[in-house]
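Note sheet for the following structure.
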Amino acid sequence: MYPYRSMVNCLETCLLKNLRNFWKRNGRNRLPHHFGKERGRNRMDKFMDNPWFVRIVAMALAFLMFLSVQDMGNKNGASRPNGMENNEVETITDVPLEKYYDSENLVVTGVPDTVEVTIEGQRRFVEATKRQRDFTVYVDLSDLSIGNHRVPILYKNFSDKLKVKVEPVYVEISIQEKMTKEFDVEPEFNNNILAEGFEAERPMVEPNKVQITAGKETLEKISYVKASIDAKGLITDTIERDTKVTVLDRELNKLDVYVEPEYVTVTVPVNNPRKTVPLKIKQVGTPPDGIVIKRMEPDLDEVMIFGWTEILKSIDEIEVEVDVSKVDKDNVLDVPIIYPEGVNKITPERVKVKVVTDKGKKSEETNVSEVPIDSKGLAEGLDVEFLTPKDGAVSIKLEGSKDQLKKAQEGAFEVFMNMEGLQAGDHEVNLEVKGPKDVKWELSTDTAKIRIKEKGTV
């Protein structure tokens with residue numbers, strides 16, 4: 001505002017002085033005739049002597065000069081050199097790195113797939129370059145010989161208004177003669193991802209051979225060609241996956257090679273081993289006074305158990321515990337089957353047991369001694385010697401009604417040991433019992449120590 005007022009004052013002074021001089025020299029004698037000499041002089045003198053007239057003219061001229069200067073300033077600003085604008089810096093990541101070489105006959109390793117490019121310059125050039133990405137970053141290996149080289153990373157098609165920096169600046173590369181060789185693919189599977197009780201059969205891979213292309217030195221380093229299969233969560237069924245082939249050296253370092261096909265299909269059959277075993281009813285607890293448990297009859301004789309093969313081999317029966325402490329009359333109980341360790345499934349999981357009682361008859365106990373232990377499943381050509389019990393017999397404690405005990409003592413119990421698969425040597429085996437189901441019994445020992453030897457040996 002103040003420069004404008006000074007301009008007006010200056011123009012006012014200069015304009016007033018010049019107009020008066022002009023009027024004195026020329027104006028008085030050049031008035032139009034219709035004004036009249038005296039009349040024209042008087043009117044012009046009044047204008048010249050009026051300060052507001054001069055001020056208005058000066059302000060108009062000052063305004064015109066201001067507009068002219070402003071317009072020139074804008075034009076000068078538009079043509080300001082580019083270097084005066086503020087610079088901007090941007091980093092472009094994951095820029096593909098091109099390779100120029102004889103790809104039909106040579107193999108190059110050590111060249112990264114992408115690099116990082118930093119550009120600096122005027123914002124419009126930076127933004128345009130970042131948006132269009134029409135530049136190229138490359139390594140030129142066309143004139144290099146077979147061997148190891150340290151080469152610079154080059155670039156082109158950037159605006160000359162930009163400063164360009166590529167990271168890394170150099171790369172260590174290896175050029176080798178291109179060769180192709182066939183390798184077998186080894187499927188790999190981690191058994192730890194199997195659910196408990198499940199087992200995996202041998203994995204299968206299709207195709208089971210791949211073509212690997214690399215330099216001669218790299219091909220000689222190949223020790224393993226693997227297709228590893230993995231999964232989230234625990235596996236309970238056959239699994240099939242398309243898996244990338246991995247090529248490793250002796251130290252399990254991954255090798256940079258070309259594999260055809262890159263992916264193979266790996267199938268791992270998964271199953272849950274099963275076995276059918278008989279049920280054994282075991283009475284637990286003591287019935288109320290005056291109640292005798294005559295017998296307990298399950299609605300099924302056997303169940304199917306699932307689990308690891310080694311666990312199933314050791315299980316010959318499933319014991320079902322029936323609590324009779326609250327049984328005061330004939331009843332049918334729904335009893336859960338307890339899972340043995342290592343078994344992950346039992347079908348069915350519950351069994352109905354019919355409990356038959358006898359009122360008014362007290363339970364009695366008795367012992368049956370010298371019950372011989374029979375051998376079953378002993379291989380031909382072998383003999384067995386009892387270490388404990390030495391006489392090869394056990395005693396059985398019986399509990400039940402008088403009539404039940406009488407029947408049980410008449411040779412109703414059979415004690416035996418399963419020796420199937422046992423070879424010569426010392427063993428400790430479980431004793432098994434077959435007898436009436438309406439009598440509660442207990443062996444003097446549950447196991448026997450034996451020595452198996454070939455016939456004719458001392």
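The values are calculated or read from the model by the stated rules, or taken from the named source; none is laboratory data. Here the structure is a predicted model, which is why all the values come from computation and not from measurement. Counting neighbours? That spans all protein chains shown, and the Cβs are built from the backbone with ideal geometry, glycine included.
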Exception for Val166 within (1) within 19 Å of Glu240 (Cβ to Cβ); (2) outside any loop (DSSP other than H, G, I, E, B) falls at (1)
Is there a residue being under 17 Å from Asp256 (Cβ atoms) and of a type outside the set (Phe, Trp, Tyr) anywhere in region 129-139? yes
Condition test on Val439, is it at pLDDT below 90 and within 53 Å of the chain's Cα centre (by Cα)? no
Count of residues meeting criterion [out of contact with any Ser or Thr (no Cβ under 9 Å at 6 or more places or on another chain) and either of a type in the set (Lys, Arg) or surrounded by 13 or more Cβ atoms within 10 Å (Cβ to Cβ) (or both)] in region 443-456: 4
Every listed condition ((1) over 30 Å from Lys156 (Cβ atoms); (2) modelled with pLDDT of 95 or more) holds for Val115 save (1)
Matching residues in region 269-286 (in a strand (DSSP E or B) and of a type outside the set (A, V, I, L, M)) number 8
Quick count over region 175-217, residues being at negative phi and outside any strand (DSSP E or B), is 15
Scanning region 102-128 for residues that are of a type outside the set (D, E, K, R), out of contact with any strand residue (DSSP E or B) (no Cβ under 6 Å at 6 or more places or on another chain) and assigned to a helix (DSSP H, G or I) gives Phe125, Ala128
Of the residues that make up region 353-360, is at least one assigned to a strand (DSSP E or B), modelled with pLDDT of 90 or more, among the basic types (Lys, Arg) and within 23 Å of Pro288 (Cα to Cα)? yes
Identify the single condition in (1) surrounded by fewer than 17 Cβ atoms within 10 Å (Cβ to Cβ); (2) acidic (Asp, Glu); (3) more than 22 Å from Ile315 (Cα to Cα) that Asp438 does not satisfy, given that it satisfies every other one. (1)
